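Working notes, beginning with the structure itself.
The values are calculated or read from the model by the stated rules, or taken from the named source; none is laboratory data. The model shown is predicted, which means the values in this text are computed figures rather than measured ones. No Cβ is skipped: glycine too gets one built from the backbone with ideal geometry, and neighbour counts run over all protein chains shown. Quick note on the areas: whole protein, heavy atoms, side chains included, nothing else; ligands and nucleic acids left out. Shrake-Rupley method; radii C 1.70, N 1.55, O 1.52, S 1.80 Å.
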Amino acid sequence: MTSSRGRAWSVWALGIAAYVVAVLHRTSFGVAGLDAAQRFEVSASVLAGFTVLQLLVYAGLQVPIGVLLDRFGPRRLLVTGSLVMAAGQIVLALADHVGVAYVGRALVGAGDAATFISVLRLVASWFPPSRVPVLTQLTGLTGQLGQILSAVPLVALLHAKGWTTAFVSVAAVGVVVAIAIAVAVHDEPGVPVTHGRPVDVTRVWRDLRVAFRHPGTRLGLWTHFTTQFSGTAFVLMWGFPFLVSGEGLSRATAGRLLSAMVFVGLVGGPLLGVLVQRHPLRRSWLVLAVLGGTVASWTAVLAWPGPAPLWLLVVLVVSLATNGPASMIGFDFARTFNPPNRLGTATGIVNVGGFFAALTTILLVGVLLDLRTGGASSYGLDDFRVALLVQYALWAVGLVGILRTRRLVRRRMARQGVVVPPMRAVVAHRIARRRRRG
């Protein structure tokens, strides 16, 4: 039993390593955005196009990857994804034309698409269900250490050794991880490689339709859509330029703020996971609380007369750090409302939400910045204030989606004999119970 438990943790650790490197690949272009603008001599919208293409490929492949995951298992997808991302970084490292560089980022998005949901499948296969919510949070949060690798050592290497050396080095790390996964990871205890049922187009469409029609899957989709995009757009593309060109911070301070997001998430994420585990019928309220904090902090920063003080930017970063943990709740909805044979498909559906919203945000912010600056590569605070208002439209759409699908989920649960009492009734009951104890 002890050796089996130890093997589970070692498999999870290697899965985490793969996800850390995937996040390093994913966020590497964001910290190099200003350098890329000079290297390729492009405008804000063209620069945003790199990350939009990356996320478009990522989001577009989520459902196909989910189907392949159910068929071929996580080990082979993790190895393939790591090698594809490494190839993309090499293409970017050697590119001297914007079109070639676009191909590199598309490859990064394709490899990244296979990584996270594969690690989640390893968690579900190697650990008991009672541990899955917390481990899902820890997986998402620990993987964000890749953001620190891009914000600190990659930035230092980029400025010390140059563009090509920096991105070739990142590619080499990806190859090492692929080899480690191929050697040491099994799909399930005692099963090196799983072989699911052959891919049947008719059955795939049926599973996809059934998974999507379940309101619990759509609640996961809208949860991921609403809570993830602001933090993702901040980290992948516009956070570093906003802090440096808009708010006037130094590159070092901006890098430290981006790194702080990871550490805040590492503290708050497990706490959120415990709350989800203990109060599964209140998951949507946790999502709405995170959404409220994010909207409030952005409103304060954008409404501040002149550059925001550092303490307020820290508040913004802290609120954005909760976005990732809250988006993980969307995967918990998918897990609890779908059988194991549809879990990969349902997880892929959920994962589309946040990244589709993020790429929409990144693209629209770039377009608005170009309209404000006439295509110049320098942006001021007022330019960012106008461009970042697009987030409010996406928050509104996501909020409507959450409230509507939550109502549908509760109706279905009520038909099954599970009734979710209103939050005010729960609060009143707990107050009365404490008074009786007192």
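Points to keep in mind about this one:
- Ratio of Rg to Rh over the chain (Cα coordinates, Kirkwood Rh, two decimals): 0.97
- Compactness of segment 50-208 as Cα Rg over 2.2 N^0.38 Å, two decimals: 1.13
- Spatially, segment 107-142 and segment 209-241 are offset by 16 Å when compared through their Cα centroids.
- Along its three principal directions, the equivalent ellipsoid of segment 265-304 from the Cα gyration tensor extends over semi-axes of 25, 12, 4 Å, largest first.
- Computed log₁₀ I(q)/I(0) - Debye formula, equal Cα scatterers, no solvent, segment 188-273, q 0.12, 0.22, 0.26 Å⁻¹: -0.70, -1.05, -1.18
- Axial C-alpha extent at least 24 Å, average Kyte-Doolittle at least -0.5 - helices from the chain (DSSP): 2-31, 44-72, 74-94, 163-184, 215-233, 251-278, 283-303, 343-373, 390-415
- Given charges at beta-carbon only (K, R positive; D, E negative), |dipole| of the chain in Debye: 2720 debye
- Mean-square fluctuations from a GNM of the chain, with a 10 angstrom spring cutoff on Cα atoms, peak among GLU247, GLU41, GLU188 at GLU41.
- Here segment 1-87 is described by how far its Cα atoms reach on the three principal axes: 58, 25, 17 Å, from widest to narrowest.
- Rounded to the nearest 20 debye, the dipole magnitude of segment 85-213 is 360 debye, with +1 charges on Lys and Arg beta carbons, -1 on Asp and Glu beta carbons, and the Cα centre as origin.
- Ligands, DNA and RNA aside, THR336 has an accessible area near 70 Å² when probed at 1.4 Å.
- The residues neighbouring PHE29, those whose beta-carbon lies less than 11 Å from its own, together hold a net charge of +1 under the Lys/Arg +1, Asp/Glu -1 convention.
- Using alpha carbons only: equivalent-ellipsoid semi-axes of segment 290-384, gyration tensor based, whole Å: 34, 19, 8
- Sequence ranges 266-276, 136-146, ranked by mean other-Cβ count within 10 angstrom, highest first: 136-146, 266-276
- For segment 315-363, the convex hull spanned by the alpha carbon atoms encloses 63 Å³ per residue.
- The alpha-carbon positions of segment 115-179 define a convex hull whose volume is 81 Å³ per residue.
- Value of Rg/Rh across segment 62-108 [Cα atoms, Kirkwood radius]: 1.13
- Accessible surface calculations at 1.4 Å, restricted to protein heavy atoms, place the chain at 40 Å² per residue.
- Alpha-carbon spread of segment 12-142, three principal axes, descending order, Å: 52, 26, 21
- Of the two radii for segment 201-244, the radius of gyration is 1.30 times the Kirkwood radius, both from the alpha carbons; that is the Rg over Rh value.
- Highest mean packing first, where packing is the average number of other Cβ atoms within 10 Å per residue, the peptides 216-227, 98-109 line up as 216-227, 98-109.
- Net charge over other residues, Cβ less than 13 angstrom from the Cβ of VAL20 (K, R count +1; D, E count -1): 0
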